[in-house]
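This report refers to the structure that appears directly beneath it.
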Amino acid sequence: MRSIGVSTEDQAREGFSLPEQEKRLRAMCEFKGYDIYKVYKDAGISAKTGNKRPAFEELKEDIRNKKCNTIVVLKLDRLTRSVYDMEDIMKFLEDNNAYLDCANDDINTTSANGRMVARLLTTVSQNEIERTSERTKIGLEGRRS
């Protein structure tokens, strides 16, 4: 059993709606022969560290209860953009004999190489957030002076 996660951030940034994201993920699951257990949506909630995501917590509980065993997302940064959070997720998946499969990032945590790529992409994503934050701070300081 697989679960699907979708995000409204993709709609804003990349121009495809929640239904389009779900359609792509369902097509991927069909292609890979995955049975879909449930679609989890934390609409409008960022994957940044510290955000409360009720659907994601529900998904984790369903994995703990063996209702599903794979998280399917469109992109890794829809799940997290934090190296720290990613390690927690990887440990959670390992402890629960579960996996992550990303459509656009070609990540599947069933192998050591897949886990390595997930960690590398999360590091790049976190770096992007930190650089954006630095530029924003510099811009605000410049406006103040």
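The values are calculated or read from the model by the stated rules, or taken from the named source; none is laboratory data. Computed from a predicted model, the values in this text were never measured in an experiment. Every residue, glycine as well, gets a Cβ built from its backbone with ideal geometry; the counts of neighbours run over all protein chains shown.
Overview of results
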| read-out | value |
| --- | --- |
| Count of segment 97-116 residues which are surrounded by 15 or more Cβ atoms within 10 Å (Cβ to Cβ), within 20 Å of ARG64 (Cβ to Cβ) and at pLDDT 85 or above | 4 |
| Entirely in segment 1-93, the strands (runs of 3 or more DSSP E) that have 2 or more residues that are at pLDDT 85 or above | 36-41, 70-73 |
| Output for segment 52-96, where each listed residue is of a type in the set (A, V, I, L, M), buried (at least 19 other Cβ atoms within 10 Å of the Cβ) and in contact with a Lys or Arg (Cβ under 7 Å, 6 or more places away or on another chain) | VAL72, LEU74, MET86 |
| Top-ranked residue in segment 94-105 [being hydrophobic (A, V, I, L, M, F, W, C) and outside any strand (DSSP E or B); ranked as farthest from LYS32 (Cα to Cα)] | ALA98 |
